[in-house]
Ligand SMILES: Nc1nc2c(ncn2[C@@H]2O[C@H](COP(=O)(O)OP(=O)(O)OP(=O)(O)O)[C@@H](O)[C@H]2O)c(=O)[nH]1
Ligand SMILES: [Mg+2]
């Protein structure tokens with residue numbers, strides 16, 4: 001019997017390849033187990049993953065105690081976790097305070113933020129989690145900070161426009177590579193050596209600095225956006241939503257109205273089956289057939305492998 005694993009499982013599996021600490025690996029394997037359907041075809045894989053967890057736990061027990069608690073994790077919330085990273089005093093906490101209701105400490109001197117601060121971006125009918133982090137600088141690469149970056153859904157790197165932006169960006173990208181991350185836009189080529197991290201660059205206080213040279217050099221790989229205190233923050237929120245690479249679909253219980261206030265958020269390219277899994281694992285397993293409404297097209301019955309688009313309405317019929 002084939003395992004028939006959902007898309008989210010494969011996404012986690014590729015994350016596991018780049019994980020560095022055993023703690024991070026355990027948390028990814030646990031997520032893989034949580035999304036795995038329960039049937040005979042997955043019994044073997046389930047056992048394998050449980051053995052893997054046991055081995056990793058053994059590895060942790062062997063490590064000196066001091067490292068064990070050296071990890072700050074941020075539980076994901078909303079439709080995606082966006083992490084701000086960058087050098088000291090670049091404006092990360094300022095960005096968090098402008099896009100969300102969070103009140104982080106902002107100060108005109110570096111090394112202000114000591115641990116992750118979290119806020120929620122409200123954009124149309126969705127909420128996106130934004131995480132501010134301590135600065136990333138030479139000789140300070142706590143494993144938990146890289147781990148947070150890797151597990152994020154989107155990485156925004158912040159550059160201080162008062163400094164030499166080219167040097168700043170170069171150093172930042174190098175540091176990310178030390179953490180196994182390659183920052184790029186969604187449509188850039190696939191790099192196999194590092195984990196592809198989708199995101200963009202925000203340059204704060206860009207007034208005195210021309211970004212045209214920077215864009216010439218990095219523009220194909222990365223979007224470079226100017227941040228200023230009087231910009232239209234809604235445009236920035238839109239950019240964040242769009243770079244998350246998700247679609248919103250709506251469900252319609254049979255015989256009832258569409259639930260527009262509660263979109264189901266899926267990765268682009270997701271199918272009807274992925275949508276059912278997102279709602280509930282058992283639900284996906286009981287699915288009989290699905291009707292789809294798209295734009296002007298009247299409803300039609302579709303298979304579980306139908307790829308969904310932004311704004312689709314689905315009506316699941318279960319056994
Ligand atoms: N004018 C202006 N000032 C900014 C901007 N972004 C940040 N600042 C100022 O720069 C200083 C540092 O900002 P923070 O938001 O604390 O920077 P940070 O990156 O969180 O700093 P660390 O937590 O130390 O890494 C503060 O005095 C901010 O008011 C900006 O876009 N324009
Ligand atoms: Mg800060």
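We did not get these values from a lab; they are worked out from the coordinates using the rules stated. Small disclaimer: the values here were computed from a predicted structure and weren't measured. FYI the Cβ positions are ideal-geometry reconstructions off the backbone, even for glycines, and counts take in every protein chain you see.
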Take the Cα radius of gyration of region 7-68 and divide it by 2.2 N^0.38 Å, with N its residue count; two decimals is plenty.
1.19
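With both partners inside region 246-318, how many of the DSSP beta bridges are antiparallel, as a percent to the nearest 5?
Bridges in region 246-318 that DSSP calls antiparallel: roughly 90 percent.
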Please report the spacing between the Cα centers of region 1-53 and region 179-203 in Å, no decimals.
24 Å
Considering all projection directions equally, how large on average is the shadow of the alpha-carbon convex hull of the chain, in square nanometres?
18.9 nm²
Over all Cα pairs of region 152-205, how is the pair count split among 10 Å bins, expressed in % and running from 0 up to the last occupied bin?
25, 53, 21, 1
Could you sort the peptides 173-180, 10-17, 295-302 by per-residue average Cβ neighbour count (10 Å cutoff), highest mean leading?
173-180, 10-17, 295-302
Based on the inverse mean of 1/r over its pairs of different Cα atoms, what is the Kirkwood hydrodynamic radius of region 171-319, in Å?
18.3 Å
Give me the percent of DSSP beta bridges within the chain that run antiparallel, rounded to the nearest 5.
50 percent
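What order, most packed first, do the peptides 252-262, 142-152 have when packing is the mean number of other Cβ atoms within 10 Å of each residue?
Details: 252-262: 10.6, 142-152: 20.9.
Ranked from most to least packed, the peptides come out as 142-152, 252-262.
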Can you give me the angle between helix 165-178 and the longest principal axis of the chain, using Cα atoms only, in degrees from 0 to 90, rounded to the nearest 10?
50 degrees
State, as an integer percentage, the relative contact order of region 190-249 based on alpha-carbon contacts under 8 Å between residues 6 or more apart.
39 percent
Out of all Cα-Cα pairs in region 1-141, roughly what percent, to the nearest whole number, are more than 22 Å apart?
55 percent
Take every Cα pair under 8 Å in the chain that's 6+ residues apart, average their separations, divide by the length, and report that relative contact order as a whole percent.
13 percent
Where in region 217-246 is the amide nitrogen less than 12 Å from a point lying 7 Å along the Cα-to-Cβ axis of residue 127?
none
Antiparallel DSSP beta bridges within region 56-173, percent to nearest 5
55 percent
Let me make sure I get this right: for region 81-243, a, b and c are the square roots of the gyration tensor eigenvalues over alpha carbons, sorted descending. Under 1.5 in a/c it's rounded, otherwise prolate if a/b > b/c, else oblate. Which is it?
rounded
Is region 246-318 best put as rounded, prolate or oblate by its Cα gyration tensor, with a ≥ b ≥ c the root eigenvalues, rounded for a/c under 1.5, and otherwise prolate when a/b is larger than b/c, oblate when not?
rounded
